[in-house]
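**Student:** Sharing a structure with you now.
The values are calculated or read from the model by the stated rules, or taken from the named source; none is laboratory data. The model shown is predicted, which means the values in this text are computed figures rather than measured ones. So basically every Cβ, Gly included, is an ideal-geometry build from the backbone, and we count neighbours across all protein chains shown.
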Amino acid sequence: MTAPPHPPRRPRRRWLRIVSGIFVTVVAAASLGVAGLQLGLPWQMDDGDRNHVYTGAAGSQRYQVHVPPHQVGTAGLPVVMAIHGCAMTGYGWNSMKSTTQFNRLADREGFIVVYPTQLISRNVIACWNSGDARDQQRHTGEPALLAGVARQVVEEYDADPARVHVAGASSGAGTAVILAATHPDVFATVTSVAGGEYGLNQVDPDDPGSMSPLDTARQARAQMGERARRVPMLIIQGERDEVVPPLVATRLVAHWTAVGDLVDDGLPNGSLDPTEKTVSVPAAEGRHAYTHSTITASDGSSVVEAYRVQGMGHAWPGPDGDGRYTDHAGPDASAIVWEFAKRHPMR
């Protein structure tokens, strides 16, 4: 007797297709959500904002450029690259763009702003990998990518190559300092907000004296190679920062002063004959007290400027910042960065 035919399996196959379709839709939605958080949404772009991708031997890097709308097409504008910290983005959620409010300042003063953004594929909490030796070299990793971004901006926007500046926060500050060591031919000045010296990952927090600032300064000077020059540095540090303790900023001042000394004649001999001056600004209602110190060489040129902000934690100070890591009671870091940059084009 012939057995009856098997019933068709179309309903099961249809169900599998439905489940697969739902899965693909969910994954796509999640990917779009992550992309939106990291790279921003179309309606978050301001007039003058443009998104770019740099591609080079070290890989690719996404970034956003802001050009003052009334100066689009103007040649020779200065450039400020702003590098975010951990758990931030360049121009998406909790962005360096909103934290610094550089765009407003750029529109008033006439300069280009560049916001690179770290992807979680390179660091799960979007930190820049300034503590990784592979990202402390000129031709590899993040330094090569970010210097490539700077060069691409200069070329595409006909910007002034002698007035390209970099400012970073936290891990981005560490990367900014690395860029000053690896690419002194690209960046005219460097600003560190809550960051540390080149090679900070080699310093034992429990025994920092075992690796002196001069030790790491020698490494930074070696990275400069034949391109060596004194890169003026601006340092901003909160005295209540528990993420990057004030000692790190103290070391950074000594470190970068030593780098300048080594650049001068190759020896740690105090040949710059530096002069240090400090001005104290008292607290006012709703405003932190702070000190402003300057270290200048005997010829009057700037070596290091440092702001130490009383009562401030791990934050970018400024009255208009919008983000998780802002302190509205601090001095206006963005304005300070720009004023410092204006005074120090590359010689």
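**Student:** Are any residues in region 127-183 surrounded by 23 or more Cβ atoms within 10 Å (Cβ to Cβ) and part of a loop (DSSP other than H, G, I, E, B), and if so, which ones?
**Tutor:** Of everything in region 127-183, those that are surrounded by 23 or more Cβ atoms within 10 Å (Cβ to Cβ) and part of a loop (DSSP other than H, G, I, E, B) turn out to be W128, S130, Q136, A159, S170, H183.
**Student:** While we're here: Taking region 119-128 as the region of interest, how many residues are touching a residue at least 40 places away in the same chain (Cβ under 8 Å) and out of contact with any Ser or Thr (no Cβ under 7 Å at 6 or more places or on another chain)?
**Tutor:** 2
**Student:** Which residues, counting only those in region 102-122, are under 23 Å from V244 (Cα atoms) and either basic (K, R) or modelled with pLDDT of 95 or more (or both)?
**Tutor:** Y115, P116, T117, Q118, R122
**Student:** Pairs please, first residue from region 50-63 and outside any strand (DSSP E or B), second anywhere and crowded, with 19+ Cβ neighbours inside 10 Å, Cβ atoms under 9 Å, 6+ apart in sequence or on different chains.
**Tutor:** A57/A144; A57/G148; A58/G141; A58/E142; A58/P143; A58/A144; A58/L145; A58/G148
**Student:** Moving on to the next point. How many of the residues in region 215-272 are assigned to a helix (DSSP H, G or I), within 21 Å of the chain's Cα centre (by Cα) and more than 19 Å from V203 (Cα to Cα)?
**Tutor:** Selection size over region 215-272: 1.
**Student:** Would you pick out the residues in region 123-137 that are in contact with a strand residue (DSSP E or B) (Cβ under 9 Å, 6 or more places away or on another chain) and not small (G, A, S)?
**Tutor:** W128
**Student:** What do you reckon, is A194 in contact (Cβ under 8 Å) with a residue 40 or more places away in the chain, surrounded by fewer than 22 Cβ atoms within 10 Å (Cβ to Cβ) and of a type outside the set (S, T, Y)?
**Tutor:** Spelling it out, it is not the case that A194 is in contact (Cβ under 8 Å) with a residue 40 or more places away in the chain, surrounded by fewer than 22 Cβ atoms within 10 Å (Cβ to Cβ) and of a type outside the set (S, T, Y).
**Student:** Does T182 count as closer than 13 Å to M81 by Cβ and not hydrophobic (A, V, I, L, M, F, W, C)?
**Tutor:** Answer is no for this residue.
Conditions tested, residue by residue: (1) buried (at least 24 other Cβ atoms within 10 Å of the Cβ); (2) touching a strand residue (DSSP E or B) at 6+ places or on another chain (Cβ under 8 Å); (3) touching a residue at least 60 places away in the same chain (Cβ under 8 Å).
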| position | (1), (2), (3) |
| --- | --- |
| H70 | no, no, no |
| L77 | no, yes, yes |
| M81 | yes, yes, yes |
| G85 | yes, yes, yes |
| Y91 | yes, yes, no |
| M96 | yes, yes, yes |
| Q101 | no, no, yes |
| T117 | no, yes, yes |
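**Student:** Also, I was wondering about something else. Return the total of residues in region 328-347 being buried (at least 20 other Cβ atoms within 10 Å of the Cβ), under 18 Å from the mean Cα position of the chain (by Cα) and not hydroxyl-bearing (S, T, Y).
**Tutor:** 5
**Student:** Right, here's the next one. Would you please list the contacts, defined by Cβ atoms under 6 Å and residues six or more apart or on different chains, that run from a residue in region 284-304 that is over 27 Å from D261 (Cβ atoms) and free of Cβ contacts under 8 Å to residues at least 40 places away in the same chain to a residue that is outside any strand (DSSP E or B) and of a type outside the set (G, A, S)?
**Tutor:** A289/P282; A289/Q310
**Student:** In region 84-107, is there at least one residue being in a strand (DSSP E or B) and not polar (S, T, N, Q)?
**Tutor:** No, region 84-107 has no match at all.
**Student:** If D206 satisfies all but one of (1) more than 30 Å from A75 (Cα to Cα); (2) not in a loop (DSSP other than H, G, I, E, B), what's the number of the condition it fails?
**Tutor:** Of everything listed in (1) more than 30 Å from A75 (Cα to Cα); (2) not in a loop (DSSP other than H, G, I, E, B), D206 misses just condition (2).
Results for (1) at pLDDT 95 or above; (2) among the hydrophobic types (A, V, I, L, M, F, W, C); (3) more than 29 Å from G318 (Cα to Cα); (4) touching a Ser or Thr at 6+ places or on another chain (Cβ under 8 Å), shown as yes or no for each residue.
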position	(1), (2), (3), (4)
P246	yes, no, no, no
G260	yes, no, yes, no
L267	yes, yes, yes, no
P274	yes, no, yes, yes
G286	no, no, no, no
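**Student:** Now for a different question. Taking the condition modelled with pLDDT of 95 or more, on the phi > 0 side of the Ramachandran plot and exposed (fewer than 15 other Cβ atoms within 10 Å of the Cβ), does G311 pass?
**Tutor:** No: the conditions fail for G311.
**Student:** Cβ contacts < 7 Å: first residue under 15 Å from P232 (Cα atoms) and of a type in the set (S, T, N, Q), restricted to region 159-187; second residue in a helix (DSSP H, G or I) and at pLDDT 95 or above, any location; separation 6+ or different chain. Result?
**Tutor:** T182/P143; T182/Q223
**Student:** If we keep just the residues of region 224-262 that are among the aliphatic types (A, V, I, L, M) and surrounded by fewer than 19 Cβ atoms within 10 Å (Cβ to Cβ), which is nearest to H183 (Cα to Cα)?
**Tutor:** A254
**Student:** Then there is this: So, S171, is that one touching a Cys at 6+ places or on another chain (Cβ under 9 Å), more than 19 Å from D332 (Cβ to Cβ) and hydroxyl-bearing (S, T, Y) or not?
**Tutor:** yes
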